[in-house]
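Undergrad: Before I ask anything, let me first share the structure, which is written out below as structure tokens.
The values are calculated or read from the model by the stated rules, or taken from the named source; none is laboratory data. As the structure is a computational prediction, the values presented were derived from the model and not from experiment. So basically every Cβ, Gly included, is an ideal-geometry build from the backbone, and we count neighbours across all protein chains shown.
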């Protein structure tokens with residue numbers, strides 16, 4: 001059965017998996033990036049999650065409410081409990097970002113959830129109407145997306161503090 005599942009998986013799915021693994025591995029190392037690039041992966045993961053929900057369950061009140069509840073909870077928890085990852089970069093508009101395995105874990109979570117749900121619905125199409133399946137999958141996507149949002153919000157806050165210190169230093173230098 002596993003061989004059947006893997007052999008019926010389109011080639012583009014494996015290309016997406018390879019890209020996500022590459023991005024996750026590169027996120028594990030400290031690096032300097034433009035601040036605006038911090039928005040890319042959370043946006044891509046949001047698009048993948050919502051695209052999957054829309055295609056599998058529709059963006060109904062149930063699926064979106066479950067997604068939103070998961071996203072709000074995990075955004076708040078990640079914001080509150082997460083660590084600061086950014087400091088000023090050497091170039092204007094850039095930040096030094098500490099490496100982390102969390103992005104790889106989260107990206108693999110989205111990928112595995114999408115893949116598992118696709119297999120489930122291929123084998124049991126009636127599960128699309130099962131409220132428990134809709135709520136569990138939607139909540140899971142929301143929780144994962146919320147972790148990306150919480151990290152991004154924390155990074156944005158740290159970036160604003162970096163900018164404020166830089167502006168204050170510039171003003172103090174100009175005044176002297």
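Undergrad: Please name all residue pairs, on different chains or six or more residues apart, with Cβ atoms under 6 Å, provided the first residue is in the stretch 72-94 and is closer than 11 Å to residue 155 by Cβ and the second residue is at pLDDT 80 or above and assigned to a loop (DSSP other than H, G, I, E, B).
TA: 85/98
Undergrad: What number of residues within the stretch 32-59 satisfy the criterion of being touching a residue at least 60 places away in the same chain (Cβ under 8 Å) and either outside any helix (DSSP H, G or I) or at positive phi (or both)?
TA: Matching residues across the stretch 32-59 total 4.
Undergrad: Examine the stretch 96-109 for a residue that is in contact with a helix residue (DSSP H, G or I) (Cβ under 8 Å, 6 or more places away or on another chain), surrounded by 14 or more Cβ atoms within 10 Å (Cβ to Cβ), assigned to a strand (DSSP E or B) and in contact (Cβ under 8 Å) with a residue 60 or more places away in the chain, and state whether such a residue exists.
TA: Yes, that holds for at least one residue.
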